Amino acid sequence: MLRPDITVLIPAYNEEAVIHRSLTPLADAAKSGRVQVIVIANGCKYGTVDAARAACPHAEIVEMGKASKTLALNAGARRRRGRAVVCLDADIELSESALVWLTRPVLRCKAEIACGQMVPDLDASSALVHAFYRGWQLNPYF
């Protein structure tokens, strides 16, 4: 079995409507073994697992009875095979090329962590949502 350089952990709590956003761009990489994709369905009551399997059939699915993002990430981390681990929310779109770019400094031992920059799609959003994200992006963390 090919050992991937990158493991993507996606904790998911009732994310059936949006999980395809994060999984579809990574489906080919998961199928080929270039990237290990682990979805941790934690406390889900609806169709999250089915939606994840449909969007990325080669993702590993871990089902947990308790809803906890922290426990979900820890459970996924215990299964990781990649040298670099990326934690991704279920509604975030990240292409394989962006994933490789993000993890390159870690894989080359030039950094211990890396953080991407989110660009929200606000095309169909109200002025209030636009204002929120303008303020949110001023946070020094981002």
Among residues of region 43-70 being closer than 21 Å to ARG81 by Cβ and either assigned to a strand (DSSP E or B) or of a type in the set (Phe, Trp, Tyr) (or both), the residue least open to solvent (accessible area, probe 1.4 Å) is VAL62
Scanning region 10-42 residue by residue, the ones that are assigned to a loop (DSSP other than H, G, I, E, B) and farther than 18 Å from ASP91 by Cβ total 2
Out of (1) in contact (Cβ under 8 Å) with a residue 24 or more places away in the chain; (2) open to solvent by 50 Å² or more (accessible area, probe 1.4 Å); (3) outside any helix (DSSP H, G or I); (4) not small (Gly, Ala, Ser), the one THR7 does not meet is (2)
ARG108 meets each of (1) of a type in the set (D, E, K, R); (2) surrounded by 15 or more Cβ atoms within 10 Å (Cβ to Cβ); (3) more than 26 Å from GLU16 (Cβ to Cβ) with one exception, condition (2)
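The values are calculated or read from the model by the stated rules, or taken from the named source; none is laboratory data. The shown structure was predicted, so the numbers you read here are calculated from the model rather than taken from an experiment. So basically every Cβ, Gly included, is an ideal-geometry build from the backbone, and we count neighbours across all protein chains shown. Ligands, DNA and RNA are stripped out before the accessible areas are found, and what is left, the full protein with its side chains, is counted by its heavy atoms. Shrake-Rupley method; radii C 1.70, N 1.55, O 1.52, S 1.80 Å.
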